[in-house]
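Undergrad: Pasting a structure below so you can have a look.
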Amino acid sequence: MGRGLYPHCMVLAISKNIYSGRLVLLKRAAAVEPTLTSTPPSTDTSSVALADSPTVSINHYGTVRGNRSSYINSVYNFKGIPYAGAPTGAYRWKHPPHPAVWNDTRDATTFSPACPQPGVANYSEDCLYLNVWTPDNATLNDYYADPSGGAGVLPYPNATIYPVYVWIYGGRFAGGASSDPLYDGAGLAAKGVVVITMNYRLGALGFLAHPELSANSSSGTSGNYGLVDQQASLHWTIENCAAFGGDPTRITIGGQPAGAASVIEHLNSPLADGLFTQAIAESGVRYPSDPLVGSLAESYRQLSEAEAQGTAYIESLNVSSINEARDLPVEAFLSSGMMSDTTYVGTVFENNSNYMEPPLFRPVLDGYVLPATYASLLASGNHSIVPVLTGNNKDESGASPDPGLNVSSYTSTSELDFGSVGLADEYFALYPAGNTSASANNASNAFYRDQSRTGTWLWANEYVSGSQNFFANGNFTTYTYYWTHAPPNQTRGAYHMSEINYAFNNLYATDSPWTAEDYAIAEMSSYWANYIRSENPNGKGLATWPANSASSAVTMELGDAFEVVEVANSSNIAFMKEWFSKWPVY
């Protein structure tokens, strides 16, 4: 993969002046819908008009004009700002170019089109844009050019320096867009955070590997263009966030679940080193030898395998070279955007519906963007060493309110899965089928929930241990959670993605029939805002969330309760370690 036009930049050397503004903490006991207000506007109509249409000058590029959030009046938003040029023509399957300079003030009040993907009408290959939400008391344009000669800008001493949260959407690397209302950033911005969301290339356009592409790149690799787009947006953020009142020394990256996988991949990528200071991975990490990894966005392909798949794919388009493929209309790549891999074909998991085949086009272990396996980097600490907050949802990754099993189907599937590695007797002793469909379903759910919580706890333990191997005296804190609340008017329970509205504090952005309880639970967003601000989720009015510890198998329940709970009992944790040891590692 060629190195393109976004070189690795040095971290801006700015002292960390932690913002100490007051958070409006909503008490869950009150169980009332919060009313979000702003400072009364000036009676000067000209200044009101100016305040409602704020402009920001982006160094080297041009000026953008945003507006107030339509949801929260005390927040400005700027949408559709280019962080890179169009990855079209010769730039299809290359690092993206810099955006073009513009002369007139650019309207930044509407989202850009999504990146090309199946099932979306408004898309464009020219899609590498981002969006910014910032408190309306941020000191916009209060910056100066980095005197060291870098591309970035630095805030003046009296400027606001709000912490920055860069969100990466999910969608199995085949779908998703930063314009999704689920990711509206006004709710977190109202708590004193600059929120940035971005688009990145998807499917074959974002993750095609091919021998021709590898041979014509300076790295000798190909396949991770979507990840490189995300890293380009992080370069833009660290270089320009001060113009929006943000602090380039406090940048948190976050995402769910392909977004969470991306977060982990940026932790491991030397190309992202220094571009962020902490991370949030929602439904994010699995233990590297958890066999379910292959089903999830965190899976990846070896370069040789991905190149062979890419060769077959290009041939299926009736072209014989990458140059010919670059001449095809973008629609040629959409019908195959959800092509599946064959990870589980021929394995004991082939007939277990919880082991879903991953999309064909996903990240590549190329030795460049992704240098080595998760397991090796986790053990050695040879990765970006930053605080991490991560967790799982109650009804995902194999668990659901109604798995649809009976005693026979549960027993036969479990005998195959666990008997294949000599663990069937031990498994059934811990997760017995019982005599009814209800007991079989409960046993299945108990296993998958234990697997998720235990795997995340073990990952966090090894992350800290490996980091301390790399920096013996370091303090590398992790926080883990377990989300348990089922949003209203649905039957999927605390399903995959169900925590996002609450963590973003943006229940307003979707049309679910939210209750007073939901608005109270959404105060969990203060944990997120606190963590983004200070590397610690705890704060006034919130139940204490302990840091993860290898000596204490507990995690923080969020949702139906806010309290510390067991990861699993000791026998189940011991079994899970043995289960994980039977499988190859990612």
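Nothing in this text is a laboratory measurement; each read-out follows from the coordinates by a stated rule. Everything numeric in this text was worked out from a predicted model, so none of it was measured. Note: ideal-geometry Cβ built from the backbone for every residue, glycine included; neighbour counts use all protein chains shown.
Undergrad: Relative contact order (percent) for the stretch 445-543, with alpha-carbon contacts under 8 angstrom and 6 or more residues of separation? Write down the numbers at each step before the final one.
TA: On the way: 68 pairs, mean separation 14.8, N = 99.
Taking the mean separation of contacting Cα pairs over the length of the stretch 445-543, I get 15 percent.
Undergrad: Let me ask you something else. I want the antiparallel fraction of DSSP beta bridges within the stretch 373-581, as a percent rounded to 5.
TA: Values: 5 of 15 bridges.
Around 35 percent of the beta bridges assigned by DSSP in the stretch 373-581 are antiparallel ones.
Undergrad: A further question on this structure: Using just the helices of the chain, give the 222 nm mean residue ellipticity in deg cm²/dmol: DSSP H runs with n ≥ 4 each add -39,500 (n - 2.57), and the total is spread over all residues, rounded to 500.
TA: -8000 deg cm²/dmol
Undergrad: For residue 438 and residue 320, what does the FRET efficiency come to when R0 = 51 Å and r is the distance between their Cβ atoms, rounded to the nearest 0.05? Don't skip to the end; give the middle numbers.
TA: On the way: r = 57 Å, r/R0 = 1.12.
That pair, residue 438 with residue 320, gives E of 0.35.
Undergrad: A follow-up question, please. Extension gain residue 563-residue 489, at 0.36 nm per residue separation less the Cα-Cα distance, in nm? Mind dumping the intermediate values first?
TA: Details: separation 74, 0.36 × 74 = 26.64 nm, distance 2.51 nm.
Here the answer is 24.1 nm.
Undergrad: For the stretch 466-586, report the % of Cα-Cα distances exceeding 19 Å. Show your work: numbers first, answer last.
TA: On the way: 4297 of 7260 pairs.
Tail of P(r) above 19 Å: 59 percent of Cα pairs.
Undergrad: Tally the DSSP beta bridges in the chain and give the antiparallel ones as a percent, rounded to 5.
TA: 45
Undergrad: Using 0.36 nm per residue of separation minus the Cα-Cα distance, give me the extension gain between residue 380 and residue 552 in nm, one decimal.
TA: 59.7 nm
Undergrad: Still on this structure, please answer the following. Can you list the aspartates and glutamates whose alpha carbon sits under 12 Å from that of residue 577, skipping same-chain ones fewer than 8 residues off?
TA: 290, 450
Undergrad: Could you work out the local net charge near residue 199, counting Lys and Arg as +1, Asp and Glu as -1, over the other residues with Cβ closer than 14 Å to its Cβ?
TA: Value of the local net charge: -2.
Undergrad: Could I ask something else about it? Viscosity 1.567 mPa s, temperature 4 °C: give me the Stokes-Einstein translational D for the stretch 262-388 in µm²/s, with Rh taken as the Kirkwood radius over C-alpha pairs.
TA: Calculated translational D: 78 µm²/s.
Undergrad: Quick one: grab Rg to one decimal and Dmax as a whole number for the stretch 359-411, Cα atoms only, in Å.
TA: 18.0, 48
Undergrad: Based only on other Cβ atoms within 10 Å, what is the fewest-to-most ordering of 93, 102, 583?
TA: 102, 583, 93
Undergrad: Could you compute the net charge surrounding residue 265? Neighbours are other residues with a C-beta less than 13 Å from the C-beta of residue 265; K and R count +1, D and E count -1.
TA: -2
Undergrad: If you take the square roots of the eigenvalues of the alpha-carbon gyration tensor of the stretch 373-581 and sort them as a ≥ b ≥ c, do you get rounded (a/c under 1.5), prolate (a/b over b/c) or oblate?
TA: Taking the square roots of the gyration eigenvalues as a ≥ b ≥ c, the stretch 373-581 is oblate.
Undergrad: Still on this model: Quick one: net charge of residue 363's neighbours, Cβ under 15 Å, K/R +1, D/E -1?
TA: For residues surrounding residue 363, the net value is -2.
Undergrad: May I have the extent of the alpha carbons of the stretch 147-274 along their three principal axes, as whole Å values ordered from largest to smallest?
TA: Reported extents, whole Å, longest axis first: 52, 39, 21.
Undergrad: Quick one: Cα convex hull volume of the stretch 395-470, Å³ per residue?
TA: That works out to 97 Å³ per residue.
Undergrad: Compute the projected area of the convex hull of the Cα atoms of the chain, averaged over all viewing directions, and report it in nm² to one decimal place.
TA: 26.8
Undergrad: Which order do the peptides 110-119, 211-220 take when ranked by the mean count of other beta-carbon atoms within 10 Å per residue, highest first?
TA: Answer by packing, highest mean first, reads 110-119, 211-220.
Undergrad: Taking θ = phi - 60°, what integer Hz values does the Karplus form 6.51 cos²θ - 1.76 cosθ + 1.60 yield along the stretch 306-320, in sequence order, with x for Gly and Pro?
TA: Residue by residue, the stretch 306-320 yields 5, 5, 5, 4, x, 4, 5, 5, 4, 4, 5, 8, 6, 10, 10 Hz.
Undergrad: Take peptides 295-302, 224-231 and line them up by average Cβ neighbours within 10 Å, highest first, as a rough protection proxy.
TA: 224-231, 295-302
Undergrad: Give me Rg/Rg_expected for the stretch 43-178, where Rg uses Cα atoms only and Rg_expected = 2.2 N^0.38 Å with N residues.
TA: 1.17
Undergrad: Also: At q = 0.13, 0.15, 0.23, 0.34 Å⁻¹, work out log10 I(q)/I(0) for the stretch 453-499 with the Debye formula, treating every Cα as an identical point scatterer and leaving solvent out; two decimals please.
TA: One equal scatterer on each Cα of the stretch 453-499 leads to -0.47, -0.55, -0.80, -1.16.
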